[in-house]
Amino acid sequence: MNDLGNALEQVIELARKAYEEKVVEVDGHKYEVESDGLRLLRHPEFPKNKVVLSTLTGMIDFIEREGNAEEMMLAVKSPTEVYLVGKLNDHGERPTYAVAQADVPEFRYERWYGQSELIIALQAAFVENSETDRDILLQVIGNLKESHVNSASDDGVSQSVQINTGVASVATARVPNPVTLQPYRTFLEVKQPESKFVFRMREGMEAALFEADGGMWKIEAKQAIKEYLETKLESLDIKMSVIA
C-alpha cells in the first residue's frame, strides 16, 4: 500500500476511535473531538466538568462515593463556595472535581426598601431569633405611618418615630442602632452568623440596612463551614484536609 493509502487508513482509524471515545491521541498529545475539529487537551488528567452541588451534605456524599483523601482536599473559598480540589501537577495547577454553592435568599444592603417589601424581606431572608432585633424592626416598620416618618427624631445614631399602638393611640418608639440581625448568608447546615447593622428610615416610607461589622461574619461563616466538614469527614473516617 502506498503512502497515500496508509495516510487514508490512519485518518479512518482516528475517525473511528474519535467517534467511539471522543478523545484521540496523536504523537503523544491527546485531542478532544468537537463539531468543528480537534481541540488539544492541555491537562487530560483533569475532569472536563466539575460537579456542581448546592449543599455541604451533597459535597460530603460526593466525597464518600468518589473522593480520594490522599489526592484531594476541600477549600472553603467564601461563605457560599466550597471546592474539592486535587494536588498540584507539574505545571502548578490543581484540578477541580466539585464545587458546592450555597443557595441563599437575596437581600441587598444599602438599598432603600418600601414598607411592605422590607417586612417581607425581614421574614424571608433573616433567621427568626428572639435574641436579635428582628422583631423590633418588624414592629416599628409594620406600624409606621408616612406622617410619623416626616416627624421622626434623629440624633445621627438612633431614630425615634411614632407608631400606632391601638385604634386611636400612638406611642414613640426609639429604634436601636446598630441593630443585631441574623441573615441567611451561608450554607443552611451551619449556624448563620449574627451581625451588626445600621438601620435608617427616610421619607416615603422607606428604610435600609447598612452592614456595620467590617466583614467579620465572613470569617465566622468560613470557620463554621470548616468545622462542619471536618466533623462529618471524621465521622466517616475520611482523613482529608479542609482549608478555610
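The values are calculated or read from the model by the stated rules, or taken from the named source; none is laboratory data. Everything numeric in this text was worked out from a predicted model, so none of it was measured. Cβ placement follows ideal geometry from the backbone for every residue including glycine, while neighbour counts extend to all protein chains displayed. Calculation scope for accessible area: heavy atoms of the full protein, side chains included, ligands and nucleic acids excluded. Shrake-Rupley method; radii C 1.70, N 1.55, O 1.52, S 1.80 Å.
Quick check on Ser147: is it open to solvent by 50 Å² or more (accessible area, probe 1.4 Å), modelled with pLDDT under 90, touching a strand residue (DSSP E or B) at 6+ places or on another chain (Cβ under 9 Å) and among the hydroxyl-bearing types (Ser, Thr, Tyr)?
In short, yes.
Go through region 228-240 and count every residue that is surrounded by 13 or more Cβ atoms within 10 Å (Cβ to Cβ) and of a type outside the set (A, V, I, L, M).
Of the residues in that region, 3 qualify.
Please pick out the residue among Ala221, Ala212, Ala173, Ala207 that is buried (at least 17 other Cβ atoms within 10 Å of the Cβ), hydrophobic (A, V, I, L, M, F, W, C) and either at pLDDT 95 or above or closer than 30 Å to Thr55 by Cβ (or both).
Step by step, each of Ala221, Ala212, Ala173, Ala207 is checked, and only Ala221 is buried (at least 17 other Cβ atoms within 10 Å of the Cβ), hydrophobic (A, V, I, L, M, F, W, C) and either at pLDDT 95 or above or closer than 30 Å to Thr55 by Cβ (or both).
It is to be established whether one or more residues within region 66-77 are among the polar types (S, T, N, Q), over 21 Å from Asp237 (Cβ atoms) and surrounded by fewer than 16 Cβ atoms within 10 Å (Cβ to Cβ).
No.
Taking region 80-135 as the region of interest, how many residues are in a loop (DSSP other than H, G, I, E, B), open to solvent by 40 Å² or more (accessible area, probe 1.4 Å) and among the hydroxyl-bearing types (Ser, Thr, Tyr)?
Residues that pass the stated criteria total 3.
Determine if region 211-233 includes at least one residue that is in a strand (DSSP E or B), within 20 Å of the chain's Cα centre (by Cα) and over 30 Å from Glu71 (Cβ atoms).
Among the residues of region 211-233, at least one is in a strand (DSSP E or B), within 20 Å of the chain's Cα centre (by Cα) and over 30 Å from Glu71 (Cβ atoms), which makes the answer yes.
If you go through region 215-244 one residue at a time, how many are free of Cβ contacts under 8 Å to residues at least 60 places away in the same chain and not hydrophobic (A, V, I, L, M, F, W, C)?
9
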